[in-house]
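Q: To start, I am sharing the structure in question, which I have written as structure tokens.
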Amino acid sequence: MDFQFSEREEMLRKAVREFAENEIPPKMEAMEETGDFPTELLKPMAEVGITGIITPTEYGGVGLGYLARTIVLEELGRVCGAMPMALQVHHMGCAVINDFGTDAQKEKYLVPLAKGETMGCVAVTDPTGGSDVVGMKSSAELKGDKYILSGRKCFITNSHTSNYWVVIAKTAEGAKGLSAFIVDKDAPGAKLGRKENKFGLRGANTGELAFDNCEIPKENLLGQEGGGLAVAIKTISETGRTGMAATALGILTAAYEEAGKFANERVLYGKPISALQAIQFYMAEIYTQLEICRLLCYRASWLKDQGMRCDNEGALAKYYTCEAAVNAAKKAIEIHGSYGIMKEYAVQRLLRDAVVTVPSGGTAEIAKVVLARAALAPFKK
Amino acid sequence: MNRIIVCMKPVPDPQHWNKVSMDHETQTLKREGIPTIINPLDKHALEAALSIRDAHGGEVLLLSMAPPFVTPTLREGLAMGADRAILLSDPVFAGSDTLATAHILAAGCRWIGEFDLVLCGNMTIDGSTAQVGSQLAELLDLPSVMHVIDLHRKEDHLLRITQKIEHGYVRLEAELPLVISVRKELNKPRYTPFTGILAAESKEINMLSNEELHIDTGLIGLEGSPTKMAGLELRRFKREKERVEGSPEEIVQVLVDKIHRYGII
């Protein structure tokens with residue numbers, strides 16, 4: 001086993017860190033205030049290669065794969081959790097078109113995503129769906145050369161910052177009755193719904209999409225009719241979970257760094273509080289969690305790069321890292337004492353952001369369902 | 001313009017300055033094991049070179065005098081977009097002061113052969129002497145312009161330059177070749193693109209020792225350095241408390257004595 005990053009990966013981390021530390025902080029106050037994603041950063045991010053990190057070079061990306069993507073998301077999240085949240089869903093939008101799209105669809109939709117001209121968006125959750133994907137009500141019917149889509153999608157990341165969405169809807173009953181479509185935001189009958197007002201990851205846009213007899217050209221079917229569940233599950237379990245895990249890993253890293261800095265600066269009883277064993281134990285716990293989560297996140301994305309299955313490892317990384325980020329942020333606040341609940345200090349934002357990662361991209365319980373299946377598989381008779 | 005040389009110094013990463021220690025024997029800083037970064041102003045010099053090359057074609061060469069362990073830092077310069085790098089590295093270079101360093105860099109420039117422009121950062125964050133650019137120009141018998149904050153190609157062999165001086169600016173035109181040292185106001189260095197990181201993996205880093213450069217050893221290293229370090233010590237700051245009692249006149253006198261003794265005024 002080789003636990004060393006290559007020189008390429010180290011340089012990549014350094015390059016993203018420099019970008020993130022310089023470009024994101026000036027945007028963060030407005031992001032917190034308005035809940036809007038700073039779309040003006042898309043182009044600079046595309047120039048660096050962040051938007052097209054997993055997109056193949058023939059479609060305008062840099063094709064560096066999932067471990068590189070995890071490093072990128074982690075470094076963005078170390079500065080501001082909302083950035084990797086939005087970007088990881090953007091990458092889901094890229095992956096779903098790359099995995100299931102025709103050459104024409106890739107040419108038309110993948111290239112602008114890699115170039116940062118718009119953001120990727122995958123809309124699976126219905127008000128009646130969510131964890132119960134098949135329970136969705138949004139439906140589409142082929143009439144002539146168009147699909148007619150009706151229904152609503154909620155809690156959709158990048159809903160308002162994307163020019164086209166990948167939407168999953170029912171074309172028949174049952175698990176084999178779901179289909180995926182690329183829907184242009186200007187399609188007749190497509191409407192933007194409300195923007196959500198989240199308490200964390202505020203700078204990542206989340207909103208509703210509404211479809212009222214929305215007309216979708218037949219050629220915008222993504223994959224096979226009836227293959228929508230596979231499209232949703234592959235995209236969520238491989239790209240979505242590894243991405244959410246990396247987002248949480250960035251927040252966890254930030255919590256660790258904020259806690260460590262404060263513990264060394266804050267003087268009580270004539271010495272920094274890092275000399276107190278109670279604080280040292282908190283730091284040891286945060287540090288342990290961080291090291292565990294790094295391994296989980298890197299392994300899941302490495303497996304994906306090797307073309308191996310990573311659904312269990314993705315679920316494990318996502319479930320564990322999101323919970324660990326919440327715990328680390330809480331401990332970081334405790335180390336800060338009353339300072340920790342003041343808006344001037346980053347740790348309160350880290351806790352709000354970390355909590356939002358838990359239900360995003362698949363709840364912890366759904367991840368545990370996946371993990372329980374894996375845990376019990378060897379004993380099945 | 002066909003060839004631009006950018007002098008680039010790998011310097012200890014300021015985030016790790018607390019790990020830098022001193023070698024009392026050579027009176028120099030021990031840099032081994034401390035992660036290095038590209039000297040920040042050299043990035044501005046590199047950006048200027050890359051912009052000229054991107055607009056008018058040509059080649060950008062990185063030139064550095066440093067120990068071999070800094071190659072990942074040179075690779076970063078290549079990832080930003082430089083075409084190739086030349087690392088001047090030899091134990092006999094160790095301990096070189098600014099003049100000796102300029103001799104070595106000048107030999108590197110001569111080894112390269114033809115070039116149109118040499119760009120340097122105005123100074124480094126570790127030495128902060130701001131001398132090497134001008135010394136290099138002198139040794140190459142070329143004009144030198146320091147404190148450059150604006151730079152445009154007017155004609156093929158003519159640059160329009162804005163130089164910052166103490167109470168204003170000087171606008172001048174200069175013919176190539178010459179040596180220019182830049183300030184951070186000149187530009188905003190580009191971020192390293194991921195495609196550049198991939199491309200840098202196959203770019204060449206030439207390592208040259210004094211066997212190739214043939215510099216008189218009396219001019220380089222500790223021996224060739226006219227700057228002799230008189231002493232190097234860690235400055236320690238500590239708070240001391242002292243209670244002074246007596247009449248107001250006596251207390252003031254004690255204070256005045258102390259102010260003189262510690263050289264505060």
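The numbers here are math on the coordinates, done by the rules we state, and not lab data. Quantities reported herein were computed from a predicted structural model and do not represent experimental measurements. Positions of Cβ are generated from backbone atoms using ideal geometry, with glycine treated the same way; all protein chains shown enter the neighbour counts.
Q: Let me have the relative contact order for region A:7-114, percent, based on Cα pairs under 8 Å that are six or more residues apart.
A: 29 percent
Q: Could you tell me the relative contact order of region B:3-219? Use alpha-carbon pairs under 8 Å, at least six residues apart, and round to a whole percent.
A: Computed over region B:3-219, the figure is 26 percent.
Q: Then there's this: Where a Cα-Cα gap under 25 Å defines reach, which lysines qualify for A:Lys304, not counting those fewer than 8 residues away within the same chain?
A: A:Lys14, A:Lys106, A:Lys115, A:Lys234, A:Lys318, A:Lys368
Q: Pick out, from A:Val267, B:Leu63, A:Gly362, the residue whose Cα sits farthest towards the positive end of the charge dipole of the protein assembly as shown, with +1 on the Cβ of Lys and Arg and -1 on the Cβ of Asp and Glu.
A: The residue sitting most towards the positive pole is A:Gly362.
Q: Given the options B:Tyr191, A:Phe155, B:Gln27, identify the residue whose Cα lies farthest towards the positive end of the charge dipole of the protein assembly as shown (+1 on Cβ of Lys, Arg; -1 on Cβ of Asp, Glu).
A: The one lying farthest along the dipole's positive direction is A:Phe155.
Q: Evaluate the charge dipole of the protein assembly as shown about its Cα centre and quote only its size in Debye, nearest 20, assuming +1 on the Cβ of each Lys and Arg and -1 on the Cβ of each Asp and Glu.
A: My answer is approximately 2220 debye.
Q: Evaluate peptide B:3-11: per residue, the Cβ atoms of other protein chains within 10 Å of its Cβ; return the mean as an integer.
A: 0
Q: Pull up the DSSP beta bridges for the protein assembly as shown and report the antiparallel fraction as a percent, rounded to 5.
A: 65 percent
Q: Further question: Determine the dipole magnitude for region A:7-114: charges of +1 sit on the beta-carbon of Lys and Arg, -1 on that of Asp and Glu, nothing else is charged, the reference point is the Cα centre, and the result goes in debye to the nearest 20. Working shown, then result.
A: Details: 10 positive and 18 negative charges, 47 e Å.
Dipole size: approximately 220 debye.
Q: Hey, another quick one. Tell me the net charge near B:Arg171. Cut-off is 12 Å between Cβ atoms, B:Arg171 excluded, with +1 for each Lys or Arg and -1 for each Asp or Glu.
A: +1
Q: Listing A:Leu221, A:Leu113, B:Leu142 from the residue with the fewest other Cβ atoms within 10 Å to the one with the most, what is the order?
A: B:Leu142, A:Leu221, A:Leu113
Q: Can you bin region B:3-219 into rounded, prolate or oblate? Criterion: square roots of the alpha carbon gyration tensor eigenvalues sorted a ≥ b ≥ c, rounded for a/c under 1.5, prolate for a/b above b/c, oblate for the rest.
A: Rounded.
Q: What range in chain B is the longest one free of trypsin sites (Lys or Arg not before Pro) that are in a loop by DSSP and have at most 14 other Cβ atoms within 10 angstrom?
A: Numbers: sites that count: B:Lys228, B:Arg235, B:Arg236, B:Lys238, B:Arg239, B:Lys241, B:Arg243.
The reported range is B:1-227.
Q: Could you work out the helix-only [θ] at 222 nm for the protein assembly as shown, with each DSSP H run of four or more residues adding -39,500 (n - 2.57) and the total divided by the number of residues, to the nearest 500 deg cm²/dmol?
A: Roughly -13000 deg cm²/dmol at 222 nm, from the helical runs in the protein assembly as shown.
Q: In straight Cα distance, which aspartates and glutamates are under 14 Å from A:Lys330, not counting same-chain residues fewer than 8 positions off?
A: A:Glu257, A:Glu258, A:Glu285, A:Asp353
Q: Expressed as a rounded percentage, what relative contact order does chain A have, with Cα pairs under 8 Å and six or more residues apart?
A: Once divided by the residue count of chain A, the mean separation gives 16 percent.
Q: To continue, here is another question. Highest mean first, how do A:224-230, B:67-73, A:142-148 rank when packing is the count of other Cβ atoms within 10 Å averaged over residues?
A: A:224-230, B:67-73, A:142-148
Q: Let me ask something else. Neighbour counts of other C-beta atoms within 10 Å: give me A:Phe5, B:Phe115 arranged from fewest to most.
A: A:Phe5, B:Phe115
Q: Now for a separate question. Could you tell me which of B:His44, A:Thr206, B:Ala200 has its Cα farthest along the dipole of the protein assembly as shown towards the positive end, charges placed at Cβ (Lys, Arg +1; Asp, Glu -1), taken about the Cα centre?
A: Result: A:Thr206, furthest along the dipole toward the positive end.
Q: Quick one: grab Rg to one decimal and Dmax as a whole number for region A:7-114, Cα atoms only, in Å.
A: Rg, Dmax (Cα atoms, Å): 13.8, 41.
Q: Count the lysine pairs in region B:3-219 whose Cα atoms sit under 30 Å apart, keeping only pairs 8 or more residues apart in sequence or on different chains.
A: Count of close lysine pairs: 27.
Q: Using only the Cα atoms, work out Rg/Rh for the protein assembly as shown, with Rh taken as the Kirkwood radius, to two decimals.
A: Expressed as Rg/Rh, it is 1.06.
Q: Here's something else I'd like to know. In nm, give the distance between the simple-model label positions of A:Gln4 and B:Glu211, each being 7 Å from the Cα along the Cα-to-Cβ direction.
A: 2.6 nm
Q: For region A:76-107 and region B:74-133, what is the separation of their Cα centres, given in Å?
A: 42 Å
Q: Could I ask something else about it? Can you list the residues, at least 5 places off or on another chain, whose amide H is less than 5 Å from the amide H of A:Arg266, using H built in the peptide plane?
A: The answer is A:Ile273.
Q: Which whole number gives the average count of other chain Cβ atoms within 10 Å of the Cβ atoms across peptide A:44-50?
A: Mean shielding by partner chains, rounded to a whole number: 4.
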